[in-house]
1. Given the conditions (1) β-branched (Val, Ile, Thr); (2) at pLDDT below 95; (3) touching a strand residue (DSSP E or B) at 6+ places or on another chain (Cβ under 7 Å), report the number of the one that Thr216 does not fulfil.
2. Is it the case that Ile305 is at pLDDT below 95 and out of contact with any Phe, Trp or Tyr (no Cβ under 6 Å at 6 or more places or on another chain)?
3. Only one of these conditions is not met by Ile172: (1) at pLDDT 95 or above; (2) assigned to a helix (DSSP H, G or I). Which number is it?
4. What's the number of the only condition in (1) touching a Gly at 6+ places or on another chain (Cβ under 9 Å); (2) surrounded by 20 or more Cβ atoms within 10 Å (Cβ to Cβ) that Ala192 fails to meet?
5. Filter the range 264-279 down to the residues that are touching a strand residue (DSSP E or B) at 6+ places or on another chain (Cβ under 6 Å) and charged (D, E, K, R), then identify the one that is nearest to Val290 (Cα to Cα).
6. In the range 336-412, which helices (runs of 4 or more DSSP H) lie fully inside it and hold 1 or more residues that are surrounded by fewer than 16 Cβ atoms within 10 Å (Cβ to Cβ)?
7. Failed condition for Thr212, given (1) touching a Cys at 6+ places or on another chain (Cβ under 8 Å); (2) within 25 Å of Pro283 (Cα to Cα); (3) surrounded by fewer than 22 Cβ atoms within 10 Å (Cβ to Cβ), with all others met?
8. I'd like the full set of residues that are in a helix (DSSP H, G or I) and more than 23 Å from the chain's Cα centre (by Cα), limited to the range 1-32.
Amino acid sequence: MLQKYQFEGTDIDSLDLKALIVTRGVKVKDDVYTEFGQRFRINPNPLTCNCVILPDGTIAQLTDVALHLRYIKQAMSLESLKQMGTFFGGWKPLDLKMSESGEPVLSYNGEKITDVRFPPKSDFYNQKTSSGLPFVGNAVLQGTDCVAFQSLWPCELARAGYSCQFCYTGGISEQLAKKHKPEPPIPSARDAAEIVDYAVNKENIGDYLQITGGSTMNPQAECHIISELLREIDSVAGLRNLKGEVLIFTTPPSDPRMLDQIFHAGADRVACSLEVWDEKFAPIITPGKVKFTTRKRHFDALKYIAKEYGPNKACSTFVVGLESVDSFLQGAETLAQDGIVAMASLWIPFGRPVMGNAKAPGLDYYRKVKYGLAEIYEKYGIVPPGGAGFNVDIDKDIWRHRSELRNMVVAA
């Protein structure tokens, strides 16, 4: 059952609070790192993908705004940085501090919202592969049960000057290309396999595996690269040792049958993400995907997966907060009718501004999203990926509470 809280005199639940945590960011007191960092997985390095766990088990990305700003300049143009000034001029983050009783407490404007907790301590980010590649900066732990690679290779669309506006990693690649600078070293298939092996078999903290690479200009070759990667991971770590699923994000190839090799290599689900449903905004927000990959190719790939492998095997992430609720829900239902999962990733406005805007929608927006998605998931039998939940995505959280959310709508 969803936990209830008070926020500025208003009743909110854990999904509302997750939206606030992710979209506003958090100001973390130094003593939180010093007091809890020895016993739990919380680190002042932003690359370690911190999260908090709410009382009912909901997981939310913990972005320490102050630390985040030290890294953000390399991913933004001067104009974008100016737009960020608007965000911080009128948008206050939440606070995370240690209470008098010695527990971590989330608050806002001096008013306590709730106690929170952190995942168990891990040595994951202290490790290096046999080639000397550090885990930190190349892979992350999401929540309590997922090891994820967020960008196993640079996005060629971004390097060509067509990065998605919301994408922090793509922004870095775009800026590096403009300055004629090389990308940092990327993990080899062996590196990735060793990282998965450590998470799954050494520390037993990886039930789910999520792999994302940057979009390439040759998706057919990308399918081959991912297949070889999965085979190496299986050889070293054993995909059978995962208690959960393997989710692959990839660029849709011109011939969707090329995706077969990814499934045959061990993927449980494949995502070809549209990010935005509204056709007016898509060319602006996702210029490379519209210009080079095309929306049609995304649709063809998603429908092929659903037809060949069944419902819930094809996924598409949407960045929630960039378009109207009605537009997003229309897209989610259109895909759901074909058994395709619409995943809902909360837009982090201080990651990168979009269309000159660096302010997320209000709570009413996210409430309409959660009620609407709950109804769609229930109506079409849609089951989003993941176990305990991902840091920024709210789809599995909504699915877990879908009946409760639908009852709320009926009662209202």
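The values are calculated or read from the model by the stated rules, or taken from the named source; none is laboratory data. The model shown is predicted, which means the values in this text are computed figures rather than measured ones. We place every Cβ from the backbone using ideal geometry, glycine too, and count neighbours over all the protein chains shown.
1. With respect to (1) β-branched (Val, Ile, Thr); (2) at pLDDT below 95; (3) touching a strand residue (DSSP E or B) at 6+ places or on another chain (Cβ under 7 Å), Thr216 is out only on (3).
2. no
3. (1)
4. Status for Ala192: all satisfied but (1).
5. Glu275
6. Output list reads 363-380, 402-411.
7. Unmet condition: (1).
8. Once the filter is applied, which keeps residues that are in a helix (DSSP H, G or I) and more than 23 Å from the chain's Cα centre (by Cα), the range 1-32 yields Asp30, Asp31, Val32.
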